[in-house]
Amino acid sequence: MKSGEDDNIWVAKLDLEGGVPGLHYKSPSGEKKRGVLARFPNTANPFIMNEEFSGDQRILEDVATFLPPKNYDDGDFDYLYIDEPKRDDTPDGWFQHFQAGIGGSCEIYDPPVSYWCSNATQGGGAFQYKVPSGVKLDSSFLPNLPKYTKRGVKDAIVNAWRPYRWENWMFTGDIDLSTGIFTFTGGGFQGARGEEKGGDWFIENVKEELDFADEIWYDREEGKLYLYLNSTEASHPDELGDFGVPGVDCLFNLTGESAASPVKDVTISGVAITGTAPTFLTAPHTVPSGGDWSLERSGAIFLENTEGVVIEGLDVNHVDGHGVTISGYNRRTVVKGNEISWVGGSAIVSWGRTDSELGEGAFTAHLGLYPDGNLIEGNLIHEVGHFEKQNSFYVQAKTGRSVIQGNVMFNGPRAGINFNDGWTGGDVLRGNLVFNTCRESGDHGPFNSWDRQPYLTPGSPDGGVGMDWREISGNFLIANYQSQDAIDNDDGSAYYNSTGNFLLFSETGLKSDYGGHSNHHFGNVYGFVGKCMGDTTQQLEGMEDRFAGNKCVLNDGGEYASFSVDASSLPLMGDNQIWGGGDEGATVNGEDLEDFQKENPGVDDGTVWMGKADGDLVIQWGRELLGLD
């Protein structure tokens, strides 16, 4: 029925349990739609937070004043530091020991532990975790603020990007309508990297902002769900179809009694899965390992303590949390030939467990409680991260020996495929097409990795904290939108063989930083990059980065490679063909390539400047490399 407040507002009596309300329905044309929590600023495209870094979808950074983080003393934290075994694999001491902080500012996580709460974090932009404690609202940028009521803002949410758009936070709390102070009392756990203030943001789930097509608001006191009808589509809700209010976040839960008594050999095939509830505020989040992600152990399909489960031929769409979550002990899980789209979180999450969440067992995996031998093959994955932005098409943490091959993945807000740690290694990323990543953020790209925390895992090649080599081969990775690199091997990443890939539009072809090493690029084609190879960290002898036998087209003539000539062991390079968009020639560390080679014999023998290359030539190379001719 109509609400009596506005001809476009309709209301239904509905008894909903706690959590963020959701609404799914079909337009008269048959398009599946989601209700949008009543918000400001309004937007016709609420699930993609604009591809640029400005616009009318959000209140811009620094317009509002965020309140300082809650103060924690050092005594509020417990620190875990494992002295031995350690990595001992870089001359600069990067990420050699397992360390974590417990409690303090990590009290928002469950369990309350993170690498980023330790007292000796390392890496790009590293500091101990913190988030703002609130924000000062003002009618100068919230024109409806004078109309706000205590009832209307009871479940209000501030949805804010972290500065530099590394993640987005959702905060709940209390608003003092006399001062405009919104004090955060919940949320802020939707990423692992903190900051003192928020970036660009919006407010949602406010009754007085219910004024735009497809917006919803739920009155918990009266049990009423309000919808602002899109009058360009329908004049009455009866013209819409398939109304549904999600009540659960999981539709298939395969959980065995234990790793010793798992669910075995189950196949889920040929069904549609849709309409699960949002989890960005209701599900406990924690930091799975030393990368930048935080995650919730939930999904429309959830697996734990299984062996030989096959998920194939499904249409998974409009699920408001994760699509498929492979949690804890799982062996030989197959996710094959599915379409996964319009996902609130990540399409596929694979996330293991250490022997304990806290204490020294957080460093070891003797019990084997992690996914091993995943096969992620032939899936079509697109439109992900519609609520939580720190998400991917496929993300793994504490997972070993996965094969991710033959997938097509596009349209996501952050990294396309993310490896949050090194774990056992032995993973294969082969024959995938990944593009349109980082549409709403910067940094990262089609593939991203970190390895800031060593673990003692079964089958380590050295019996300690080492890992097997990973393979990235035969992929077509396009670093468009705000992507930084097609293959972004970030802080501590090591033991990567990247061969035979077609990589377009990167700032850097081979990237190695903050203790990275043993990063090998052979036989790749790089099209229109800022530089072919950038190595900003030192390596030990025998663990050098390598860049050889590649074809690389620079955006212009210019810096082909950069690295420290004072390093104890230089990267191993040679036999590369360097091209450019112009005729300026190539340089190494700012020096002419040929002059550098004469002065440093044996460092980069056989590499030559080839001249100008155009797009047609690059495409021809890519087709030949990927066997498309």
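The values are calculated or read from the model by the stated rules, or taken from the named source; none is laboratory data. Owing to the predicted nature of the structure, the values given are computational and were not obtained by experimental measurement. Neighbour counts run over all protein chains shown; Cβ positions are idealised from the backbone, glycine included.
Going by the structure shown, is Thr364 surrounded by fewer than 24 Cβ atoms within 10 Å (Cβ to Cβ), out of contact with any helix residue (DSSP H, G or I) (no Cβ under 6 Å at 6 or more places or on another chain) and either in contact (Cβ under 8 Å) with a residue 12 or more places away in the chain or on the phi < 0 side of the Ramachandran plot (or both)?
Working: surrounded by fewer than 24 Cβ atoms within 10 Å (Cβ to Cβ): yes; out of contact with any helix residue (DSSP H, G or I) (no Cβ under 6 Å at 6 or more places or on another chain): yes; either in contact (Cβ under 8 Å) with a residue 12 or more places away in the chain or on the phi < 0 side of the Ramachandran plot (or both): yes.
It is true that Thr364 is surrounded by fewer than 24 Cβ atoms within 10 Å (Cβ to Cβ), out of contact with any helix residue (DSSP H, G or I) (no Cβ under 6 Å at 6 or more places or on another chain) and either in contact (Cβ under 8 Å) with a residue 12 or more places away in the chain or on the phi < 0 side of the Ramachandran plot (or both).
Conditions (1) at negative phi; (2) among the basic types (Lys, Arg); (3) surrounded by fewer than 23 Cβ atoms within 10 Å (Cβ to Cβ), marked per residue:
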position	(1), (2), (3)
Gly313	no, no, yes
Val324	yes, no, no
Asn330	yes, no, no
Trp342	no, no, yes
Gly345	yes, no, no
Leu358	yes, no, yes
| task | Could you please let me know if Ser327 is in the same structural domain as Val465 (by TED's automatic domain parsing), over 30 Å from Tyr81 (Cβ atoms), in contact with a Ser or Thr (Cβ under 9 Å, 6 or more places away or on another chain) and hydroxyl-bearing (Ser, Thr, Tyr)? | result | no
| said: So for region 373-383 (the condition being buried (at least 24 other Cβ atoms within 10 Å of the Cβ), at pLDDT 95 or above, at negative phi and under 17 Å from the mean Cα position of the chain (by Cα)), does at least one residue qualify? | reply: yes
| task | Go through the residues of region 130-138 one by one and say whether even a single one is surrounded by fewer than 19 Cβ atoms within 10 Å (Cβ to Cβ), of a type in the set (Val, Ile, Thr), assigned by TED's automatic domain parsing to the domain that holds Tyr218 and outside any helix (DSSP H, G or I). | result | no
| Where in region 143-210 are there strands (runs of 3 or more DSSP E), lying fully within it, with 1 or more residues that are surrounded by fewer than 19 Cβ atoms within 10 Å (Cβ to Cβ) and either among the basic types (Lys, Arg) or outside the structural domain of Phe280 (by TED's automatic domain parsing) (or both)? | 168-176, 181-187
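From the list Ser346, Ser261, Ser298, Ser269, which residue is under 30 Å from Trp94 (Cα atoms) and either assigned by TED's automatic domain parsing to the domain that holds Arg414 or out of contact with any Cys (no Cβ under 7 Å at 6 or more places or on another chain) (or both)? Walk me through how you get there before you give the answer.
Values: Ser261 fails: under 30 Å from Trp94 (Cα atoms); Ser298 fails: under 30 Å from Trp94 (Cα atoms); Ser269 fails: under 30 Å from Trp94 (Cα atoms).
Going through Ser346, Ser261, Ser298, Ser269 in turn, the sole match is Ser346.
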| field | Conditions (1) of a type outside the set (Ser, Thr, Tyr); (2) surrounded by fewer than 24 Cβ atoms within 10 Å (Cβ to Cβ); (3) closer than 20 Å to Tyr526 by Cα; (4) modelled with pLDDT of 95 or more: number failed by Leu456 | value | (3)
| request: Can you confirm whether region 69-82 contains a residue that is among the small types (Gly, Ala, Ser) and either in a loop (DSSP other than H, G, I, E, B) or surrounded by 21 or more Cβ atoms within 10 Å (Cβ to Cβ) (or both)? | output: no
| Across region 364-395, which residue is farthest from Phe47 (Cα to Cα) among those that are of a type outside the set (A, V, I, L, M, F, W, C) and in a strand (DSSP E or B)? | Thr364
| Check on Ala260, free of Cβ contacts under 8 Å to residues at least 40 places away in the same chain and either surrounded by fewer than 16 Cβ atoms within 10 Å (Cβ to Cβ) or under 22 Å from the mean Cα position of the chain (by Cα) (or both) | yes
| task | Working only within region 466-510, note down all residues that are acidic (Asp, Glu) and under 16 Å from Asn418 (Cβ atoms). | result | Asp485, Asp488, Asp490, Asp491
| Failed criterion for Ser483 (all others in (1) among the hydroxyl-bearing types (Ser, Thr, Tyr); (2) under 17 Å from the mean Cα position of the chain (by Cα); (3) surrounded by fewer than 24 Cβ atoms within 10 Å (Cβ to Cβ) hold) | (3)
| query | When you go through (1) modelled with pLDDT of 95 or more; (2) surrounded by fewer than 19 Cβ atoms within 10 Å (Cβ to Cβ); (3) farther than 27 Å from Gly337 by Cα one by one for Gly474, which number turns out not to apply? | reply | (3)
| request: Could you give me the residue pairs with C-beta distances under 7 Å whose first residue belongs to region 485-505 and is closer than 27 Å to Trp116 by Cβ, whose second residue is of a type in the set (Lys, Arg) wherever it lies, and which are 6+ apart or on separate chains? | output: Asp485/Lys511; Asp488/Lys511; Asn489/Lys511; Asp491/Arg452; Gly492/Arg452; Tyr495/Arg470; Tyr496/Arg470
| query | Scanning region 105-125 for residues that are more than 20 Å from Phe171 (Cα to Cα) and more than 18 Å from the chain's Cα centre (by Cα), which turns out surrounded by the most Cβ atoms within 10 Å (Cβ to Cβ)? | reply | Ser118
| message | assigned by TED's automatic domain parsing to the domain that holds Val135, surrounded by 15 or more Cβ atoms within 10 Å (Cβ to Cβ) and either under 31 Å from the mean Cα position of the chain (by Cα) or in a strand (DSSP E or B) (or both): is that true of Ala213 in this structure? | response | yes
| message | Pairs please, first residue from region 122-140 and under 30 Å from Gln96 (Cα atoms), second anywhere and of a type in the set (Asp, Glu) and buried (at least 19 other Cβ atoms within 10 Å of the Cβ), Cβ atoms under 6 Å, 6+ apart in sequence or on different chains. | response | Gly123/Asp491
| message | Given the criteria surrounded by fewer than 15 Cβ atoms within 10 Å (Cβ to Cβ), assigned by TED's automatic domain parsing to the domain that holds Asp545 and without any contact (Cβ under 8 Å) to a residue 60 or more places away in the chain, does Asp595 qualify? | response | yes
